[in-house]
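The values are calculated or read from the model by the stated rules, or taken from the named source; none is laboratory data. Owing to the predicted nature of the structure, the values given are computational and were not obtained by experimental measurement. Glycine also receives a Cβ, built like all others from the backbone with ideal geometry; neighbour counts cover every protein chain displayed. Remember, those area values only see protein heavy atoms, side chains included, never the ligands or the DNA or RNA. Shrake-Rupley method; radii C 1.70, N 1.55, O 1.52, S 1.80 Å.
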Amino acid sequence: MSLERLQAMRSLLKSEMEKSETFSLVLEKTGTKLQEINTKLLSLEADVKVDKWRSLPFSDHIRHTIAPISAALRVFATVQELERSLMSCKDVLGYVSDVKRLGEALKLLSSSCVLALTWLEETIQFLSENGMPEDHPCGLRFKTSIKLLKELQMTEARAYLSGGSLCTALENLETEFERILEEEEVLSESNMRKLKTIIKRLDAHCVPSYIKIRTRVIQKRFENGYLHKTITEDDNVQDNEGDIDQWRLDMEIAVKEIYEFESKLCYQVYEDVGEEHDVPLRCFGAIASNSGLLQLLRFGSRISKCKKSPPKLLKLLGCFSTMDNIRTEFNRLFKGELCSDIRRETRELISNLVKGVCEIFWELPCQVELQRPNNPSLDGGVPKLVSVVTEYCNKLLGDKNKPVLSKILEIDLGWKKEKYQEEILIGHIYNILREIALNLDAWSSSSKETALSYIFMMNNHSHFSALYVKESWGKLLSLLTIKSQPARRKRARESIKRTLQDFANGFDEIYTKQSDWVVEDERLRWKICQAMVRTVVPRYKSYLQSYIMLLVEEDPMRPGNDLSYTPKGLEMKLKTMFQSKEETEKTYKCSHFVNKVMDLEVTQNSHLTFEAI
């Protein structure tokens, strides 16, 4: 190839390369422009979409969504205000009111959040379906609001958790509730108002606290060591007398004061709850069954298991008397299912007391008979056993023990389907004294000194005569006590006349009751009558003479005209005691005794003497 041809081809290639570079630059500029156009188109498309979304009628829908959100926020502000108020409140009633309002506000907040969330979720869904971009600021704000509302919705649940505002407030109310229940003046008007207000807020949650606190209060009253004391059949009742006396006192106080008060408190505190729910009865039953009463009843049953002895009989009579005294209150208070254990223990206690008394009482004549071989050293005096047994029988027949013993015997015989009559008690006491008499005969016969044995028997007869007079007439004579009279003489006269009339009525009652009794031994009857005359008549005469001037002032001509008995008339009537009816009538005819006719003589020293016609 020639040199010229090569040069021509190089020039052509160079020219073509220059053309290519120029075209490449043009293409590059064109691509940049196309990219700018594409970007502008995309932007224009977005602007068109936004303008289209904004042009739609959604503003009212959005405003309706914002309203419940604002309401929820306002309720939350109220919740915060109430929480701050609780922290500074010192008044119980005001505190309860704020707690109630806080609870209501928290419920309202929860329901407000639910409503606002429903509106928000539906609005976002609606707007998205109608072209709102996912990253639109309005949509993003709505999604943030949903998170906040869900957080606010948990406020009520968190308030009830430990450490939460409402949980703390309720704990404070429960603490105050318990504090008031421990006060001595728990039944005061102010405390009752506070308790009832707190109960309305705490509702059923306060019942366990009430039972716990009141049970603890009563338990402190029964912190007595004897309640846990062991008593066996080998223990003597004398070794436990102090504990038994304390038990009787505690039992009476428990029923008539402590549990009476507790029942009243239960019914007053929970009266607004309504008795149809048995809340007062259930509360009282739970308290009574766990506060010490069962231990008291069980100790009473342990007493009945002591070693049998005459002193134990008297102690058991006292225990039964205590239970009988509280019977009405007991039956009224301890009803309902929760008190079933108390009633069961009480029935067991009564059964043990009745059986314990009857076992000892029916064996008393045998116990006296067992002493017959033990001859006392005779010196003519009354043996100790005689004094002890007669004094013991007098205690059994006294006003304090006889009604209780009669009731126990009636219960015991009733369980055996037998009928009780007072003659059973009197007859058994007679059997005891008969054994004493047989012992006296045996002991008297054992003496080698005949004269000493007679002295021995006479002294013992006199002993029994004195006991009879004291037992029959001692209480009646206590009416004739000389004491200061009212300053006004008319009132003083009325007082004296009333006393004399009471004495006369009492005398007639005793005389009528004992008029059918017969003492067959004439010498013994005479000795008893003389003892009565020496005891009763001087005391009666002394009383009349102490107040004679007052009687004279009322009727100077015939003072004491309305007296039922003169001293002489009283003496004659006493001398007819223990006679047969025929002998009594004969005595009356021989003495020409007229009960209400008397001769009165006023001496110079203004003393009145009485002589029956």
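Points to keep in mind about this one:
- All of (1) part of a helix (DSSP H, G or I); (2) of a type outside the set (Val, Ile, Thr); (3) touching a residue at least 60 places away in the same chain (Cβ under 8 Å); (4) outside the structural domain of Val269 (by the TED database) hold for Asn191 with one exception: (3).
- The residues on offer are Ser387, Ser406, Ser351, and the sole one that is open to solvent by less than 50 Å² (accessible area, probe 1.4 Å), modelled with pLDDT of 90 or more and either farther than 16 Å from Arg298 by Cα or touching a Leu at 6+ places or on another chain (Cβ under 7 Å) (or both) is Ser406.
- Enumeration of residues in the range 213-225 that are touching a residue at least 24 places away in the same chain (Cβ under 8 Å) and surrounded by fewer than 15 Cβ atoms within 10 Å (Cβ to Cβ): Gln219, Arg221
- Residues of the range 275-288 include none that is open to solvent by 10 Å² or more (accessible area, probe 1.4 Å), modelled with pLDDT of 90 or more and more than 15 Å from the chain's Cα centre (by Cα).
- Some residue of the range 244-256 being out of contact with any strand residue (DSSP E or B) (no Cβ under 7 Å at 6 or more places or on another chain), in a helix (DSSP H, G or I), within 19 Å of Thr346 (Cβ to Cβ) and basic (Lys, Arg): yes
- Matching residues in the range 498-525 - criterion: being at pLDDT 80 or above and open to solvent by 50 Å² or more (accessible area, probe 1.4 Å): Arg498, Gln501, Asp502, Asn505, Asp508, Glu509, Thr512, Lys513
- Subset of the range 226-243 [outside any helix (DSSP H, G or I) and either open to solvent by 20 Å² or more (accessible area, probe 1.4 Å) or without any contact (Cβ under 8 Å) to a residue 12 or more places away in the chain (or both)]: Lys229, Thr230, Thr232, Glu233, Asp234, Asp235, Asn236
- Residue that is nearest to Ala288 (Cα to Cα), among those in the range 313-338 that are without any contact (Cβ under 8 Å) to a residue 24 or more places away in the chain and basic (Lys, Arg): Arg332
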